[in-house]
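Structure first, commentary second.
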Amino acid sequence: MPFPADRPRRLRRTEALRSLVRETDVLPRHLIAPLFVKEGIREPEPIGSMPGQLQHTIESLTKEARELASRGVRSFLLFGIPSTKDAAGTQAYASGGISQQGLRALRDEFGSDAVLIGDLCLCEYTDHGHCGVLRDGDVRNDETLDLYAQTAIVQADAGADIVAPSGMMDGQVAMIRDALDDAGRTDTAIMAYAAKFASAHYGPFREAAECAPQEGDRSGYQMDPANIREALRETTLDLEEGADIVMVKPALPYLDVISAVADMSAVPVAAYNVSGEYSMVQAAAECGWIDGEAVAREHVTAIRRAGADLVVTYFAKQLCS
Ligand code: PBG
Ligand code: ZN
């Protein structure tokens, strides 16, 4: 029976009623906080392109993670920035590399009370800034896989519960699963950046992680933003290769992809609300043009509503007070 009998506003009258019928929650347990740890600094350094985020020392990393945990956010995605880089990204798979140091520190601090996720890529560690081995201007897929395999093992040894390969090399999930299993790390999970697009929204992150490619771009390995069918293909492959969680990245401009991946996936779906999405909100909020926290909450709610079980977001702290 339509109006006047049917009046949807009845259930919007009070906050108590609205809360009773709300379909989507954003709770601390849904959020993963990305954290940057930098080698060779004595004090945490602000990241100019990402107001409110820091490059941490080991000590400030632990402190920030504690602060997040006190707000209920206890899953962390760790990015390392080494003090030396080379063509092969050696520090990514050095057992004493900065990412491994960070993982160890967090594991010591939290025991089993936190979920530690290692971002697994080479671009922070290579002098050319690409996500894999560069030869004659080309990022070599299969050579890169060997280095990813080594990186997965040292991250697992350092205490990672989950490794998160973000380089978009073909076969990376299968290769890493094999390597972990051979090393006896059958319990280490893989969160696959399954549908990672070659997005302009990573700009601020490249300053944060000091990983901008010196020449060229990443469109030879990351996906074309125009393609959803290909995103589903990538997801299918990662599921077949043994991904425990699949991720879509970025999040907001790709809600349709998140929704389609959620429909097909038998494993949890994560979405990465990336640096550009964060910094646009922070910048507009600093100008006084929007209420940044309200916009951030709306964004993350939309990402959850689209079908993401988990959201990687720099807003984790702001959203959980
Ligand atoms: C590198 C990596 C990037 C991000 C996560 N891992 C940047 C890139 O691919 O260029 C982006 C994260 C963000 O923008 O917040 N493999
Ligand atoms: Zn990379």
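What is the spin-label model distance, in nm, from R66 to D309 if the labels are put 7 Å beyond Cα along the C-beta direction?
Label-label distance for R66 and D309, simple model: 3.2 nm.
Of all GluC sites (Glu not before Pro) in the range 1-58, which ones are in loop regions per DSSP and have a Cβ with at most 14 other Cβ atoms within 10 Å?
E23
What figure, in Å² to the nearest 10, do you get for the accessible area of K196 with a 1.4 Å probe and non-protein molecules left out?
10 Å²
In the chain, what % of DSSP beta bridges are antiparallel (nearest 5)?
In the chain, approximately 15 percent of DSSP beta bridges are antiparallel ones.
Calculate one ³J(HN,Hα) per residue across the range 95-107 by plugging θ = phi - 60° into the Karplus curve 6.51 cos²θ - 1.76 cosθ + 1.60, and present them in order as whole Hz with x for glycine and proline.
So the J values, rounded to whole Hz, are 5, x, x, 5, 5, 5, 4, x, 4, 4, 4, 5, 5.
For an R0 of 30 angstrom, estimate the FRET efficiency from the Cβ-Cβ distance between E207 and A284 and round to the nearest 0.05.
0.95
Is the shape of the range 121-272 rounded, prolate or oblate, going by the alpha carbon gyration tensor and its root eigenvalues a ≥ b ≥ c, with a/c under 1.5 for rounded and a/b larger than b/c for prolate?
Verdict is oblate for the range 121-272.
As an exercise, use a Förster radius of 25 Å and the Cβ-Cβ distance of I228 and R297 to find the FRET efficiency, rounded to the nearest 0.05.
0.40
Rounded to the nearest 10 Å², what accessible area does S112 show when all protein chains are kept and the probe is 1.4 Å?
The accessible area of S112 comes to roughly 110 Å².
Which trypsin sites (Lys or Arg not before Pro) from the range 1-32 combine a DSSP loop assignment with at most 13 other Cβ atoms within 10 Å?
Those satisfying the criteria are R13, R22.
Along the range 63-73, what does the Karplus equation 6.51 cos²θ - 1.76 cosθ + 1.60 (θ = phi - 60°) give for ³J(HN,Hα), rounded to whole Hz, x for Gly and Pro?
5, 5, 5, 4, 4, 4, 4, 5, 9, x, 8
Nearest 0.05, what FRET efficiency do R12 and A200 give at R0 = 41 Å with Cβ-Cβ as r?
Rounded to the nearest 0.05, the efficiency is 0.65.
Could you give each residue of the range 278-285 its phi-based ³J(HN,Hα) in whole Hz, using Karplus coefficients 6.51, -1.76, 1.60 with θ = phi - 60°, and x for Gly or Pro?
Using θ = phi - 60°, the values come out as 5, 5, 4, 5, 4, 5, 5, 5 Hz.
Which chymotrypsin sites (Phe, Trp or Tyr not before Pro) in the range 263-299 sit in a loop by DSSP (not H, G, I, E or B) and have at most 10 other Cβ atoms within 10 Å of their own Cβ?
W289
Checking the cross-link filter: which lysines have an alpha carbon closer than 17 Å to that of K85, excluding same-chain neighbours under 8 positions apart?
Cα-Cα hits under 17 Å: K38.
Rounding to the nearest 20 debye, state how big the charge dipole of the chain is about its Cα centre with +1 on each Lys and Arg Cβ and -1 on each Asp and Glu Cβ.
Roughly 1640 debye for the chain.
The values are calculated or read from the model by the stated rules, or taken from the named source; none is laboratory data. Since this is a predicted model, take the numbers as computed values, not measurements. Neighbour counts run over all protein chains shown; Cβ positions are idealised from the backbone, glycine included. Note: accessible area is taken over every heavy atom of the protein model, side chains too, but ligands, DNA and RNA are not part of it. Shrake-Rupley method; radii C 1.70, N 1.55, O 1.52, S 1.80 Å.
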